[in-house]
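Just below is one structure, and these are the notes that go with it.
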Amino acid sequence: MALELKQSLKMSQQLVMTPQLQQAIKLLQLNHMELADLVSQEMVENPILEEVIEERSDPLAPKVDNQTTETTEDRNAEGKKEQEIDWEQYLDNYSSSPRTGAEVRRDADDLPTYDQTLTRSETLSEHLMWQLHMAEANEQVRKAAAAVIGNLSDDGFLSTTLEEIADEELLPFDDVEEGMLLVQTFDPLGIGARTLAECLLIQARVVFPDDRIVLGILKHHVAELEKRDFKKIARRLGVSLQRVLDGVRSIAELEPRPGREFVTEEARYITPDIYVVKSADGYVIQLNEDGVPKLRVSNYYRQVLTGAAKGDKEYIQEKLRSAQWLIRSIYQRQRTIYKVVESILKQQADFFEHGLAKLKPMILRDVAEDIGMHESTVSRVTTNKYVHTPHGTFELKFFFNSGIQRGTGDDVASEMVKQRIKTIIGNENQRKPLSDQSIVKMLAEENIKIARRTVAKYRDMLSIPSSSQRKRLF
């Protein structure tokens, strides 16, 4: 079989991910805070970039830019002329993104003062180590106890096994076990336990040392307690149901998360990327640009470029191209986000006017076809970005949800049904909680047709336990 070399021409199409395209996609995925960090970092690394400092005569007066009133003809004309834009002129005359809508004023007086940012609360680890320094124990047990403290979860439970600690610290198992028992004598009560039952038992031995019902339940009948099978516990312990219920009440007073008071419940502050504000003429969309420097190319380096040496000129030209692409990418990012929110506002007008009860089913394709973009682009825009509305702050993905058929023929959004289930359960009699089938019937009265298994699925998504677990006996 002879080998033969041939030359041939072949035509094919191939998507090439240029660095500029990669940068544009990356910027599209960033939320407001991430964009602000990236722009600040780029300003440090690229001397060509400088911030545009704007001055306003009256900071309290709302300012509406002419660019907010955009017609279909304007948009079509813009698409035709996009390739004709003189980007160097654009860099000189425009900021990093379009100004849209009435500006929302956020007063700096609301910020915390400097002295309010200097302190922090004691951590669980610090609290336990302080007690360890005060305890009487030999060096091996102290080392084991310190290892146990280092392996506690935020709730105060031991998150690994004693065998693993012994292997890692090269300590005898007996010393590690003694170290754990030492930690379990520390404050708060129940700390260092391996299970919830052990945690509650440690507390009960101190709080209810003479209550044999409480101690008996926690030692031998935790499984029945979890199933709320109080009659079986009563039979096993040979006592009345009332005495078991009294014991359960006592157990309910114990702390299931002993490390709770040391957990800093840091609120997750969300900075909206977009504001939708209601005005006399309808709704106005404003992109949040607080904290994001408005960029332009430094005129100084333009002048330096004229008489620069070859090596310096190449460096400046490279940084200039990078600056131009960054500013252009930010501009396109903001325009894309604006168009997506504009489409959502148009298709979910009833929600913005009346709230969650009027949220409509909508999918990515609905917006993609409306604005002439690919679904993947819309997906990137709506991920991890938030919009502030008259009814609260929501992730953009919140507006995309499936539909459920009403008896009247129209569809309702699945998110609305979830919230309706949450409201129904929130108003139920806790001594006689509603079953999933009962909720199905209640929704049917509102012309919402839904299966029992769907109610159970939505209830699980809302982290709501079953009716038997929600039942209160006292």
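Among the residues that make up segment 409-429, is at least one of them closer than 19 Å to residue 340 by Cβ and of a type outside the set (Lys, Arg)? Reasoning before the result, please.
Of the residues in segment 409-429, the ones closer than 19 Å to residue 340 by Cβ are 413, 415.
Next, only the ones that are of a type outside the set (Lys, Arg) stay: 413, 415.
Checked segment 409-429: at least one residue is closer than 19 Å to residue 340 by Cβ and of a type outside the set (Lys, Arg).
In this structure, is residue 283 of a type outside the set (A, V, I, L, M, F, W, C), more than 29 Å from residue 160 (Cβ to Cβ) and either part of a helix (DSSP H, G or I) or modelled with pLDDT of 90 or more (or both)? Steps first, please.
Details: of a type outside the set (A, V, I, L, M, F, W, C): yes; more than 29 Å from residue 160 (Cβ to Cβ): yes; either part of a helix (DSSP H, G or I) or modelled with pLDDT of 90 or more (or both): yes.
In short, yes.
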Selection from segment 212-252 of residues crowded, with 17+ Cβ neighbours inside 10 Å and in a loop (DSSP other than H, G, I, E, B) yields 221
Just a yes or no: is a residue in segment 253-268 without any contact (Cβ under 8 Å) to a residue 40 or more places away in the chain, surrounded by 17 or more Cβ atoms within 10 Å (Cβ to Cβ) and part of a helix (DSSP H, G or I)? no
Set 277, 292, 297: member being surrounded by 15 or more Cβ atoms within 10 Å (Cβ to Cβ), more than 30 Å from residue 346 (Cα to Cα) and touching a residue at least 24 places away in the same chain (Cβ under 8 Å): 297
Looking at 368, 357, can you tell me which residue is at pLDDT 85 or above and under 30 Å from residue 278 (Cα atoms)? 368
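Out of 301, 331, 315, 269, which single residue is at pLDDT 85 or above and either among the aromatic types (Phe, Trp, Tyr) or farther than 18 Å from residue 38 by Cα (or both)?
On the way: 301 fails: at pLDDT 85 or above; 315 fails: at pLDDT 85 or above; 269 fails: at pLDDT 85 or above.
Within the list 301, 331, 315, 269, the selection yields 331.
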Pairs, first assigned by TED's automatic domain parsing to the domain that holds residue 279 in segment 346-366, second among the polar types (S, T, N, Q) and part of a loop (DSSP other than H, G, I, E, B), C-beta under 7 Å, six or more apart: 359/348; 360/348; 361/402; 362/348
Over segment 124-150, the set of residues assigned to a loop (DSSP other than H, G, I, E, B), at pLDDT below 90 and touching a helix residue (DSSP H, G or I) at 6+ places or on another chain (Cβ under 9 Å) is 135, 137
Scan (1) within 20 Å of residue 376 (Cα to Cα); (2) of a type in the set (A, V, I, L, M, F, W, C); (3) over 26 Å from the mean Cα position of the chain (by Cα) for the single condition residue 337 breaks and write down its number. (3)
Scan of segment 331-386 for residues that are outside any helix (DSSP H, G or I) and touching a Ser or Thr at 6+ places or on another chain (Cβ under 7 Å), ordered by number: 361, 386
Breaking point among (1) modelled with pLDDT under 90; (2) farther than 16 Å from residue 394 by Cα; (3) surrounded by 17 or more Cβ atoms within 10 Å (Cβ to Cβ), for residue 376: (3)
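Here is a yes/no grid of residues against (1) part of a helix (DSSP H, G or I); (2) within 38 Å of the chain's Cα centre (by Cα); (3) not aromatic (Phe, Trp, Tyr):
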| position | (1), (2), (3) |
| --- | --- |
| 163 | yes, yes, yes |
| 171 | no, no, yes |
| 176 | yes, no, yes |
| 202 | yes, yes, yes |
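Answer yes or no as to whether residue 252 is of a type outside the set (Val, Ile, Thr) and outside the structural domain of residue 388 (by TED's automatic domain parsing).
Numbers: of a type outside the set (Val, Ile, Thr): yes; outside the structural domain of residue 388 (by TED's automatic domain parsing): yes.
Yes: the conditions hold for residue 252.
The values are calculated or read from the model by the stated rules, or taken from the named source; none is laboratory data. Being a predicted model, the structure only gives us computed values, none of them experimental. Methodologically, a virtual Cβ is constructed for each residue, glycine included, from the backbone with ideal geometry; neighbour enumeration extends over all protein chains shown.
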